[in-house]
Amino acid sequence: MMNVMKTGLGRTLLAATAVAGVMALAAPQAHATFLIQTSADGSSWNNYYSNATDGTTYLSPGGLTVNGLSITQVNVTSNSPGSVTASYEDSSAFSVKNTTSAAITAYLLVTSQNFTTPSGIGPFELDNSIAGTITNAGIGSSVQDRSAVSQLNLSGAPILGSSNITSWAVAPLSGHAPYLADTNIVFSPLASPYSMAQEIEITLGAGAQIAITADSQLYAVPEPATYATFAVGLLALAGMGFTAARRRG
């Protein structure tokens, strides 16, 4: 997978503990806490992979084709039920290629249920980004990552409705330079259990080929008082170091 992305930067994540749980999901019907779906039009969805275990990592054994786009080495990770640091979903594809003579759009939706940490009064920040490299941009190509938090712990399409907290990153593609788009939203409160979702929309012109990494992470925003306490602590440490240096001198 590519390391030019911001996936996982600045995170120290505790190991997720598996929690058993099965819920009835929105149409199309499935029963899983971790679900990967594909679509050719963003409205009719097919279940590609499901797992009843929280905190799942999925690596495709081969490739898949969605509406004419060839996608290889799909890698998706969830740390449900979360950690004191953050809740997150990461998705990547080593190669997405349009081998046809026309522009094509395809969708990949990942949902993970049963997050419990962080939660509470907040505030909280939902960050999402989409990034990657371009082998051939084609004409009119773009990628979009819509991330969502459902406080109803929903899973499966359609999860990106108005009742959920959403953040949307859009990256037009051109040339051969790496691309990156990111955005965030701050909200409160956050009840548990909740679910997280990533909907990746890929539009590639004829002959276009790219690689993708999408990252969604949710964490508690430190209050101003927390920053002040941290600053005082740093000043105290600096003072202790200065005093020790004088004594040595």
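Miscellaneous remarks
- Matching option when the condition is buried (at least 21 other Cβ atoms within 10 Å of the Cβ), in contact with a strand residue (DSSP E or B) (Cβ under 9 Å, 6 or more places away or on another chain) and modelled with pLDDT under 90, among Ile202, Ile210, Ile165, Ile159: Ile159
- Set Ala106, Ala131: member being over 14 Å from the mean Cα position of the chain (by Cα) and at pLDDT 95 or above: Ala106
- Where strands (runs of 3 or more DSSP E) fall wholly inside segment 137-212, the ranges with 2 or more residues that are farther than 19 Å from Trp45 by Cβ and under 16 Å from the mean Cα position of the chain (by Cα) are 165-172, 179-187.
- Residue count, segment 29-53 (criterion: modelled with pLDDT under 85 and buried (at least 20 other Cβ atoms within 10 Å of the Cβ)): 1
- Scanning segment 114-134 for residues that are in a loop (DSSP other than H, G, I, E, B) and either farther than 22 Å from Asn79 by Cα or of a type in the set (Ser, Thr, Tyr) (or both) returns Thr116, Thr117, Ser119, Thr133.
- Wholly within segment 55-113, strands (runs of 3 or more DSSP E) carrying at least 1 residues that are free of Cβ contacts under 8 Å to residues at least 60 places away in the same chain, in contact with a Leu (Cβ under 9 Å, 6 or more places away or on another chain) and crowded, with 22+ Cβ neighbours inside 10 Å: 69-78
- Unmet requirement for Ala244, which otherwise passes all of (1) in a strand (DSSP E or B); (2) farther than 27 Å from Pro118 by Cα; (3) at pLDDT below 90: (1)
- Residue among Ile185, Ile165, Ile139 that alone is closer than 22 Å to Val76 by Cα and among the hydrophobic types (A, V, I, L, M, F, W, C): Ile165
The values are calculated or read from the model by the stated rules, or taken from the named source; none is laboratory data. Just so we're clear, the structure is a prediction, and the values are computed from it rather than from any experiment. Because the Cβ atoms are built from the backbone with ideal geometry, glycine has one as well, and the counts that use them run over all protein chains shown.
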